[in-house]
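Student: This is the structure I have questions about; it appears just below.
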Amino acid sequence: MKSNKICNLKVRVSEEEYKIIKQKCEDADCLNMSSYLRRMALQGTILVYPKDDWRKIIHLISNISNNVNQVAVKLHITEKIYDDDIKIIKESLDDVNKILYELQLKLSKKF
């Protein structure tokens, strides 16, 4: 696929500024400096979500889906839903909501 980016833009920076820009580019998980600078110039910000928090959330959601499946299997076999099973799912959802809220607070402090 041919790129439609045909215009060049040159910017002079000091060595120190270059190091800072390069580090921010790496922190933002951009493919290259050009992509980072283009996104910053056009959008003004790049939001980077903490990977460890996302891993926790994904893990908890996976556990919740497993618990829901187990409850569904029990329901089909026994035709009963147990309060303990519902309680475990609700507690897991509360954990996910807590982590999402903390993540939202972290991200809002950056701005």
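Student: Filter segment 77-95 down to the residues that are more than 18 Å from Lys56 (Cβ to Cβ) and not basic (Lys, Arg) and list them by number.
Tutor: Within segment 77-95, Ile77, Thr78, Glu79, Ile81, Tyr82, Asp83, Asp84, Asp85, Ile86 meet the criteria.
Student: How many of the residues making up segment 9-30 are among the hydroxyl-bearing types (Ser, Thr, Tyr) and assigned to a loop (DSSP other than H, G, I, E, B)? Steps first, please.
Tutor: Filtering segment 9-30 down to residues among the hydroxyl-bearing types (Ser, Thr, Tyr) leaves 14, 18.
Narrowing further to those that are assigned to a loop (DSSP other than H, G, I, E, B): 14.
Matching residues across segment 9-30 total 1.
Student: Would you pick out the residues in segment 9-33 that are β-branched (Val, Ile, Thr), over 20 Å from Val48 (Cα atoms) and surrounded by 10 or more Cβ atoms within 10 Å (Cβ to Cβ)? Break it down stepwise before answering.
Tutor: Of the residues in segment 9-33, the ones β-branched (Val, Ile, Thr) are 11, 13, 20-21.
Next cut, over 20 Å from Val48 (Cα atoms) only: 11, 13.
Val13, the sole residue that qualifies.
Student: Still on this model: Can you list the helices (runs of 4 or more DSSP H) found entirely within segment 31-111 that contain at least 3 residues being under 30 Å from Lys10 (Cβ atoms) and at pLDDT 85 or above?
Tutor: 33-43
Student: When the residues of segment 55-78 are filtered to those that are polar (S, T, N, Q) and surrounded by 13 or more Cβ atoms within 10 Å (Cβ to Cβ), which remaining residue is nearest to Leu100 (Cα to Cα)?
Tutor: Step by step, filter segment 55-78, then rank; the result is Asn63.
The values are calculated or read from the model by the stated rules, or taken from the named source; none is laboratory data. Nothing here was measured: the structure is a model prediction, and the numbers come from that model. Every residue, glycine among them, receives a Cβ derived from its backbone with ideal geometry; neighbour counts consider all protein chains shown.
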